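Shown next, in structure tokens, is the structure this report addresses.
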Amino acid sequence: MKSFDVPSRFQSAFIAQLKAIRKKNDPRKRDFEPALLDFGPVRFLIPRHFGFCYGVENAIEIAYRTLDENPGKKVYFLGEMIHNPVVNQDLLAQGIRFLQDTKGKELLPIDELTPEDIVLIPAFGTSLQMKDRLDALGLSTKEYDTTCPFVVKVWNKAAQLSEKGFSVVVHGKPSHEETRATFSHAAHQSPTVVVKDMEQAGRLAQYISGELPAADFHEEFAGQFSEGFDLARDLVKFGVVNQTTMLASDTQAIARYLKSVLATKYGQENITEHFADTRDTLCYATNDNQSANIKMLESKADLAIVVGGYNSSNTSHLMELAEEKLPSYFIEGPECIHDDKSLTSFDLNSQIETTTRSFLPIRDSAQAPTDIVLTCGASCPDRLVEEVLLKLLQFFPESRNPEAVLAHYQESVETAVK
């Protein structure tokens, strides 16, 4: 696996050492058991896979290299590079400006850019329409394109479906930058429709089967289908691709369900003529992170802390997994944990921050330790995970030294391997 040049301010010596222990004893990444870090009165369960993924590190390297190599030039990101406020604020501090917000609204006048300016494409990619617009302004984007290779893989799969005469169903959040980009690339070649979840896939199935009148489709799926989309013609044969940060299990479930709908309508013996297998579009990093968190959540714990940007899709899905199992808190960083033992977290349902008093079940030393699940999204710097861990340790003054805990953990892992 390629290594990237990530600024040291995003790194953590503690987390790097933890990851190195896991890598040394499990180089093929087959062991999804969480790391148990025993500090005495408190123990942390940390998943096998977490933090910056390949696509994020690639984008970070390109962004900071571009700044270093172009002093004095105006450097812009088309939108947020990734969905993490710490990284984006650092880029702003270095002089980069964002041209759009996460919904695609212009923050700066794009048409006033000149060929001397530099515009970076974020890791989510962008639409063909936006690329054409930048090209018309004389801006070269190829050199400054940080689109994740696994997002491009989805686009390539959509192109392959088109070549075989299949339409495309995209599982993703319709307003998310990546889904908008994938929709654009797919719709350029094939009839395309977006479904945001299983409930909406169920509605689509009712249109396919004829249970719902075709006339209602265009109103219900407004803004989620390509120009000229014909319900009777374009849902006879299709494949399902996804926004790479969705829950892999959800995409697979939607694909299986829609396949069964087509099998019922056209016969199981004819299914390959109507449904295309697209399992290879699932991002390995998303898969690994989600699988590692699912495995970790099999362990008993008192609560979970999920660290990352509130608008991060992959992080929000980790939060969904956690809150199914135990009390869980979605925070952006250590500043959300307060000295009065309260915590400010983001509620996915209400989409607002709330404050919880006395969120930690601190016990007497004679009792069982407090067990905390600590995880983060693929756009979250390791430094934030360490800072959150250290902030939580302040509420447990009799905790062991972090270096001693890591040494003990390494010894236990090596003993288990032998």
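The values are calculated or read from the model by the stated rules, or taken from the named source; none is laboratory data. Worth saying up front: this structure is predicted, and the values here are computed from it rather than measured. Every residue, glycine as well, gets a Cβ built from its backbone with ideal geometry; the counts of neighbours run over all protein chains shown. For accessibility, only protein heavy atoms count, side chains too; no ligands or nucleic acids. Shrake-Rupley method; radii C 1.70, N 1.55, O 1.52, S 1.80 Å.
How many angstrom lie between the Cα centre of region 1-50 and the Cα centre of region 78-102?
For region 1-50 versus region 78-102, the Cα centre distance is 27 Å.
If the elastic network links every pair of Cα atoms under 10 Å, which of Ala16, Ala59, Ala159 fluctuates the most in the Gaussian network model of the chain?
Maximum fluctuation in the GNM of the chain, among the listed residues, is at Ala16.
Check Asp145: other-chain or 5+ apart residues with amide H under 5 Å from its amide H, H built from backbone geometry?
Correct list: Ile121.
Using only the heavy atoms of the protein chains and a 1.4 Å probe, how would Tyr257, Tyr409 rank by accessible area, largest first?
Working: Tyr257 80, Tyr409 15 Å².
Ranked list, largest accessible area first: Tyr257, Tyr409.
Any idea of Glu220's accessible area? Nearest 10 Å², probe 1.4 Å.
Looks like 60 Å² after rounding.
Got the relative contact order for the chain handy, in percent, Cα pairs under 8 Å and 6 or more residues apart?
Details: 721 pairs, mean separation 90.6, N = 418.
Value for the chain: 22 percent.
Ignoring ligands and nucleic acids, what accessible area does Ser8 show with a 1.4 Å probe (Å², nearest 10)?
90
In degrees, nearest 10, range 0 to 90: what is the angle between the Cα axis of helix 177-187 and the longest Cα principal axis of the chain?
30
Projected onto the charge dipole of the chain (+1 at Lys/Arg Cβ, -1 at Asp/Glu Cβ, origin at the Cα centre), which of His218, Thr182, Pro402 gives the Cα projection farthest towards the positive end?
Positive-end residue among those listed: Pro402.
If I fit a long axis through the Cα atoms of helix 54-69 and take the longest principal axis of the Cα atoms of the chain, what angle between them do I get, 0 to 90°, rounded to 10?
So the inclination is approximately 90 degrees.
Might you list the cysteines of the chain that have no disulfide-compatible partner by the rule of another cysteine's Cβ under 4.7 Å?
Cys53, Cys148, Cys283, Cys336
Using heavy-atom solvent-accessible surface (probe 1.4 Å) with all chains present, what is the largest-first order of Lys300, Lys105, Lys265?
Working: Lys300 180, Lys105 135, Lys265 105 Å².
Highest to lowest solvent-accessible surface, that is Lys300, Lys105, Lys265.
Which whole-number percent gives the relative contact order of region 83-156, counting Cα pairs below 8 Å spaced six or more residues apart?
Details: 59 pairs, mean separation 19.2, N = 74.
With pairs under 8 Å counted, the relative contact order is 26 percent.
Roughly how many Å² is the accessible area per residue of the chain, as a whole number, for a 1.4 Å probe?
Spelled out: the 1.4 Å probe surface of the chain, per residue, equals 46 Å².
Under a cut-off of 14 Å between alpha-carbon atoms, report the aspartates and glutamates in cross-link reach of Lys196, not counting same-chain residues fewer than 8 places apart.
Cα-Cα hits under 14 Å: Glu177, Glu178, Glu220, Asp250.
Taking the Cβ of Leu247 as the centre, find all other residues whose Cβ is under 11 Å away and add up their charges (Lys, Arg: +1; Asp, Glu: -1).
-3
Report, to the nearest whole %, how much of the accessible area of the chain belongs to carbon and sulfur atoms, 1.4 Å probe, protein only.
48
Hey, what angle do you get for helix 284-296 against the long axis of the chain, alpha-carbon based, 0 to 90 degrees rounded to 10?
Approximately 50 degrees, to the nearest 10.
Mind computing the radius of gyration and Dmax over the alpha-carbon atoms of the chain? Å is fine for both.
23.2, 70
Please give, to one decimal in nm, the separation of the simple spin-label points placed at Leu326 and Gln189, each 7 Å out from Cα toward the Cβ.
4.5
When we measure straight from the Cα of Lys341, which lysines land under 26 angstrom away, once same-chain ones fewer than 8 places off are left out?
Lys300, Lys325, Lys391
Enter the Cα centre distance for the pair region 326-373 and region 278-312, rounded to the nearest angstrom.
19
Once the piece of chain linking Ala368 and Tyr266 is laid out straight, how much longer is it, given 0.36 nm per residue of separation minus the C-alpha distance between them?
In short, 30.9 nm is gained.
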